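First the structure, in the form of structure tokens, and then the observations on it.
The values are calculated or read from the model by the stated rules, or taken from the named source; none is laboratory data. What you see is a predicted model; the values in this text were computed from it and never measured. Methodologically, a virtual Cβ is constructed for each residue, glycine included, from the backbone with ideal geometry; neighbour enumeration extends over all protein chains shown. In case anyone asks, the SASA skips ligands and DNA or RNA and just uses the protein heavy atoms, side chains included. Shrake-Rupley method; radii C 1.70, N 1.55, O 1.52, S 1.80 Å.
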Amino acid sequence: MRVLGVDPGLTRCGVGVVEGVAGRPLTMLGVGVVRTPADADLGHRLVAVEQGLEQWLDEHRPEFVAVERVFSQHNVRTVMGTAQASAVAILCASRRGIPVALHTPSEVKAAVTGSGRADKEQVGAMVTRLLRLDAPPRPADAADALALAICHIWRAPAQNRLQQAVAAHAARTPPTTPRAPSAHHASKGRTA
């Protein structure tokens with residue numbers, strides 16, 4: 001399985017490609033950051049993120065794209081930029097028919113380090129160890145993108161089995177239609 005991890009951001013959008021399967025050593029195929037100038041117009045920044053992600057998709061041809069799920073932050077401007085960059089990543093993958101998975105920061109940290117409260121240094125250290133790198137990828141956005149890809153590789157088989165089980169259960173269970181209340185229940189509490 002080849003996964004492009006995207007740590008969305010307008011100034012620095014981390015990208016990393018990891019290949020492998022759960023339970024086997026993983027291989028990093030590429031890591032980097034798509035950068036945009038903070039003083040540029042928002043539209044131009046989004047186009048720059050799109051162009052950068054398209055280059056990564058062209059070069060690495062991932063089977064899946066894993067994007068960090070945007071969560072509420074105290075700084076609304078930051079979360080808006082993150083959400084906009086996230087939407088660009090989802091759009092680029094979806095346009096090509098590549099499945100997209102969203103993972104929360106705590107899911108990624110827990111998958112990679114064993115703790116959903118790990119800090120960036122711990123994530124970087126584990127990414128370095130898991131991918132057998134000489135040094136942690138810099139900046140942290142790049143390491144986070146690799147962590148997203150690793151998380152997806154490890155979690156996808158279980159998620160797929162769960163989705164298949166839910167679909168199989170839905171196929172076996174006939175849909176129920178809501179029943180109208182019976183006359184007995186409808187008249188409860190009324191006096192004639």
Check: Relative contact order of the range 8-68: what whole-number percent is it, with Cα pairs under 8 angstrom and at least 6 residues apart?
Finding: 32
Check: Near the amide H of residue 101, under 5 Å away, which other amide H atoms are found, from residues 5 or more places off or on another chain, if H is placed in the peptide plane?
Finding: 65, 66, 67
Notebook entry, point to check: For the range 1-74, what is the charge dipole size about the Cα centre, in debye to the nearest 20, if Lys and Arg each add +1 at the Cβ and Asp and Glu each add -1 at the Cβ?
Noted result: 240
Notebook entry, point to check: Once phi is turned into θ = phi - 60°, what whole-Hz ³J(HN,Hα) does the Karplus curve with 6.51, -1.76 and 1.60 give for every residue of the range 105-112, x standing for Gly and Pro?
Noted result: x, 5, 4, 5, 4, 5, 5, 8
Item checked: Selected from 83, 65, 51, residue furthest toward positive end of dipole (the range 49-92; charges at beta carbon) -> 83
Note to self: Students often check this: by mean Cβ neighbours within 10 Å, which of 2-9, 136-143 ranks highest, and how do the rest follow?
What the structure shows: 2-9, 136-143
Checklist line | Backbone HN-Hα couplings from phi across the range 28-43 [Karplus 6.51/-1.76/1.60, Hz, Gly and Pro as x] | finding: 7, 9, x, 8, x, 9, 8, 10, 9, x, 4, 8, 7, 4, 3, x
Checklist line | Accessible surface of the range 37-131 [probe 1.4 Å, protein heavy atoms]: carbon and sulfur percent | finding: 53
Item checked: Distant-in-sequence amide H partners of residue 29 (H built 1.01 Å from N, under 5 Å) -> 17, 18, 19
Note to self: Can you compute 3J(HN,Hα) from phi for each residue in the range 122-135, using the Karplus curve 6.51 cos²θ - 1.76 cosθ + 1.60 with θ = phi - 60°, rounded to whole Hz and x for Gly and Pro?
What the structure shows: 5, 4, x, 5, 6, 4, 4, 5, 5, 9, 6, 8, 6, 8
Note to self: Just want the answer: with Cβ charges of +1 for Lys and Arg and -1 for Asp and Glu, which residue in 108, 4, 125 is farthest toward the dipole's positive end in the range 1-125?
What the structure shows: 108
Check: Can you give the relative contact order of the range 38-133 as a percent, counting alpha carbon pairs under 8 Å and 6+ residues apart?
Finding: 25
